[in-house]
Every structure is written in C-alpha cells, then in structure tokens.
1. Which of the residues that make up the stretch 40-70 are assigned to a helix (DSSP H, G or I), at pLDDT 80 or above and surrounded by 13 or more Cβ atoms within 10 Å (Cβ to Cβ)?
2. Tell me which residues, restricted to the stretch 135-169, are in contact (Cβ under 8 Å) with a residue 24 or more places away in the chain, assigned to a loop (DSSP other than H, G, I, E, B) and either more than 19 Å from the chain's Cα centre (by Cα) or surrounded by 15 or more Cβ atoms within 10 Å (Cβ to Cβ) (or both).
3. List every residue pair whose Cβ atoms sit under 9 Å apart, with the two residues 6 or more apart in sequence or on different chains, where the first one lies in the stretch 118-134 and is within 16 Å of ARG158 (Cβ to Cβ) and in contact (Cβ under 8 Å) with a residue 60 or more places away in the chain and the second, anywhere, is of a type in the set (Val, Ile, Thr) and open to solvent by less than 70 Å² (accessible area, probe 1.4 Å).
4. Only one of these conditions is not met by LYS91: (1) within 18 Å of the chain's Cα centre (by Cα); (2) in a loop (DSSP other than H, G, I, E, B). Which number is it?
5. Return the total of residues in the stretch 71-83 being free of Cβ contacts under 8 Å to residues at least 60 places away in the same chain and open to solvent by less than 40 Å² (accessible area, probe 1.4 Å).
6. Go through the stretch 179-193 and report how many residues are open to solvent by less than 60 Å² (accessible area, probe 1.4 Å), in contact with an Asp or Glu (Cβ under 9 Å, 6 or more places away or on another chain) and not aromatic (Phe, Trp, Tyr).
7. Could we say that ALA87 is among the small types (Gly, Ala, Ser) and closer than 24 Å to ASN176 by Cα here?
8. Evaluate the following for LEU100: is it under 21 Å from GLU75 (Cβ atoms), over 16 Å from the mean Cα position of the chain (by Cα) and either open to solvent by less than 50 Å² (accessible area, probe 1.4 Å) or of a type outside the set (A, V, I, L, M, F, W, C) (or both)?
Amino acid sequence: MATAKDLSTAASSPSLAAANAGRVQRQKVRGLVHSLGFSFTGKRRGSCAVLAHSRLAGEAELRGWRHHNVFPRVEKETRLQQIFAWADEHKVKGKPWGLLSPKQKIILEVLHDARDYRTGRLDYAFSQICAMARCTTQTLNDAIKKFESLHLIEKWRRMVPLLDAETGGARNTQINNAYFLKLPGEVAKRVRAALEKLGEIILPPVQPPREPTEHEVTAAAGSRAKAARTDGSASARHEHYANSAAQDMIARGNAPLTS
C-alpha cells in the first residue's frame, strides 16, 4: 500500500506516481499468489510440483551414492536387521505390526539389494522396483513416503535439460528419482554397536610351529649326510671339470710355437 510519503512525492513527479502504482499492483498480485498456496521462492520454473522440486542431474547424486549407499554385505544385513527390530519395537496397540508393514520391509530390502555395491547407484524406475518387490505403484509410493518420514531413505527428483527444446516449450525433462539409504540416529547407534561386536570376535589362535627334539635333529642330519654320500652328481661334476682342465693344459703344451 502506498504511504503518505509516496503520495506526496507522486504529486510532484508523474513518473514516480506510475512507479508507485505499479509497485502497489505487484504487491496485490503477490498477495493473491500467496493466498492460492503457490510460492515461487527457490523454484526453477513455474508452479509444477515435479519440476519445482527437481534438481538437475549431475555429480551431486554420484557423491551421495558413494557416501550413503556403498557398504559391505555384512553391514547391509546388519542394517536391515536393526531397522526391522527397531520398527517392531514401536508396535501400537490394536495394529498387527509396528512402524513398517511386511510389504514395506520387503520393499526396503529390495532397495538395499538393488543398489550398485561398487558405486552405490540407485535410480530404478517405479515400474522396475514394483516388479522386483511384486507390489503396485500405489503401494510403492506409500512405502517411499513412509521411508522418507522415518529418515530411512532420501529421494531426489531429477531432471535433465532438453538439447532440442522448442521456443516456448519445455526446457527440461524428468528422469528417474535418485534414492539414498539412510539410518535414523537411534538405528545408526545400534548398527555401529553390532558391527563393533562382530569385529571383536576372536578367532582361535594359530599354534606356533613345534620345536624339533634332539632325536629328530640327529635323524634329519643323518638322512642329509646319507643323501650326500649316495648322490654322485657332485663328484661326477668335479671329475669332469678336472679332466677338462688337464686336457686343456696338455693341448696347450703340444701346440706348436708360432712366430
């Protein structure tokens, strides 16, 4: 709304009056937009819920996958075990299960198994995850929302720019969501404690080699001496070299002198 100062200034300047009127009009439009529930703050394009909350695909999710989704098989099994135990502990009276239903547990296990164990990549389409978990799209959608509310999964909506975008048309297109496997604080503590306990398992010590007795040492020395006496290869070689040297000396002695 225009103030008294703006009105007094408008009387002396028609251009300022037009600017103030435009400012008031923009404030009215902005208030109308906010009253309808739309907010353009931080949005890339329009009020579409998908494009508004999507981010351009790039290195960010690659780093997130390596950070959150790369862990060994032992940790994966420990994670699922502790998550399911934690969910069952929060069973509400009158309900057949706790925080996670049996189908939601299956979907969470499928997501852990479907990740790339080397890069952590996890961006399957809804139809692919439904086929692996044998569930409907609505069941999977409800499960993802439940996982997000429990901080078990973080979902990123992604889009990529269109290279041949038409003037006035869509500039980006939606691609598969990226999923990051996370743990609530309480479950993370349990997982760390369980992994530390597994690391403290002591294997049976390896027995050091036994020292030989005097009788065994004497017997081994006798066997080596006997083998040396019976082995004629060394003496044969010495005799061969001696004969060769003698023959060379005789040959050099009989050689005629040359001028």
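The values are calculated or read from the model by the stated rules, or taken from the named source; none is laboratory data. Since this is a predicted model, take the numbers as computed values, not measurements. Glycine also receives a Cβ, built like all others from the backbone with ideal geometry; neighbour counts cover every protein chain displayed. Remember, those area values only see protein heavy atoms, side chains included, never the ligands or the DNA or RNA. Shrake-Rupley method; radii C 1.70, N 1.55, O 1.52, S 1.80 Å.
1. Initial filter on the stretch 40-70 (assigned to a helix (DSSP H, G or I)): 49-52, 59-68.
Still in the running and at pLDDT 80 or above: 59-68.
Scanning the stretch 40-70 gives ALA60, GLU61, LEU62, GLY64, TRP65, ARG66, HIS68.
2. CYS135, LEU150, LEU152
3. ASP123/ILE175
4. (1) is the only condition that LYS91 fails.
5. Restricting attention to the stretch 71-83, the residues satisfying the condition of being free of Cβ contacts under 8 Å to residues at least 60 places away in the same chain are 71-73, 76-77, 80.
Checking the rest, the ones that are also open to solvent by less than 40 Å² (accessible area, probe 1.4 Å) come to 71, 76, 80.
Total satisfying the criteria: 3.
6. Final tally of qualifying residues: 2.
7. Numbers: among the small types (Gly, Ala, Ser): yes; closer than 24 Å to ASN176 by Cα: no.
Taking the combined requirement at face value, the residue does not satisfy it.
8. Details: under 21 Å from GLU75 (Cβ atoms): yes; over 16 Å from the mean Cα position of the chain (by Cα): yes; either open to solvent by less than 50 Å² (accessible area, probe 1.4 Å) or of a type outside the set (A, V, I, L, M, F, W, C) (or both): yes.
Against the criterion (under 21 Å from GLU75 (Cβ atoms), over 16 Å from the mean Cα position of the chain (by Cα) and either open to solvent by less than 50 Å² (accessible area, probe 1.4 Å) or of a type outside the set (A, V, I, L, M, F, W, C) (or both)), LEU100 qualifies.
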